[in-house]
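Below you'll find the structure, written out as structure tokens, and then a few comments.
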Amino acid sequence: MFTLMEIWDNCKQAAAFFKQRSRLEIPFFNKQLSAMNSSANSAPRMDIEHARFNMVEQQIRPWDVLDPAVLDLLMRLHREDFVPEQHRALAFVDMEIPLGHGETMLSPKLEARMLQELGIQRGDSILEVGTGSGYMTALLASLGRHVYSVDIVPEFTRAAAVRLAAHGINNVTLETGDAARGWDKHGPYDVIVLTGSVPVLPESFQQNLNPGGRLLAVVGTAPAMQARLITRAEGGACNAVTLFETCTAPLKNALQLQRFVF
């Protein structure tokens, strides 16, 4: 049995030990965190692959992404190569990574779920609205015939071109422009995907689908948004299905809801 005085003495000694330890460890921890954020290149490849595996197993599979082709692609196509250098340590984190210009990458699980729901075939012609980092572009191009990707930020278009070329992905046409309300330049398309949300989905996107074509967009305003999959039938009629609720950054210049003033 310990006396009250002995317990008190032990507590004081433990407190002194952890206080001294924290003075030694906190500066070291901060230094290590800074180094990790400044560059992920120094991390051993084994650690990166382990982080990639955990991303798939702990974030993506639990979100009902079970398509073997999608999961295999996520393991093969290195997401960290498309993340801005200063944020590469966050490449496998469940978050929307900042890209600059007020834009962000989609989270890994949202990228994967969208890819699965679109059911891309090898012969598909694909329109991507919002190139961003170019990672979703690379995923789409790895599964389809050709991707036409448009972004309103010229810097994103240029950076994505470099990243895609570095991975040998050449079945992509990158363009700078405002496609938030449609982009019929290369249409009609078999697949259309909007990587930013829209309060209202313009009819022009549905009209630019081939028969059997699929359109995936996040529709609504924060905090209430829904991912919708629209499929165009042979006769031209469209069927819409709500897949799940989510919330993501809006496309610039997207069509807005009409506000009635009395």
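Summary of computed values
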{"quantity": "Highest to lowest packing among 179-187, 117-125, 135-143, scored as the average C-beta count within 10 Å", "calculated": "135-143, 179-187, 117-125"}
{"quantity": "Förster-model FRET efficiency, 22 Å R0, His78 and Val162, C-beta, rounded to 0.05", "calculated": "0.90"}
{"quantity": "Mean separation of Cα contacts under 8 Å (6+ apart) over length of the stretch 82-187, as relative contact order %", "calculated": "22 percent"}
{"quantity": "Sulfur and carbon atoms: percent of accessible area, the stretch 52-201 [1.4 Å]", "calculated": "51 percent"}
{"quantity": "Shape category assigned to the stretch 59-105 from the gyration tensor of Cα positions, a/c cut at 1.5", "calculated": "prolate"}
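The values are calculated or read from the model by the stated rules, or taken from the named source; none is laboratory data. As the structure is a prediction and not an experimental result, all values here were calculated from the model. FYI the Cβ positions are ideal-geometry reconstructions off the backbone, even for glycines, and counts take in every protein chain you see. Each accessible area value is taken on the protein alone, full model and side chains, heavy atoms only, with ligands, DNA and RNA left out. Shrake-Rupley method; radii C 1.70, N 1.55, O 1.52, S 1.80 Å.
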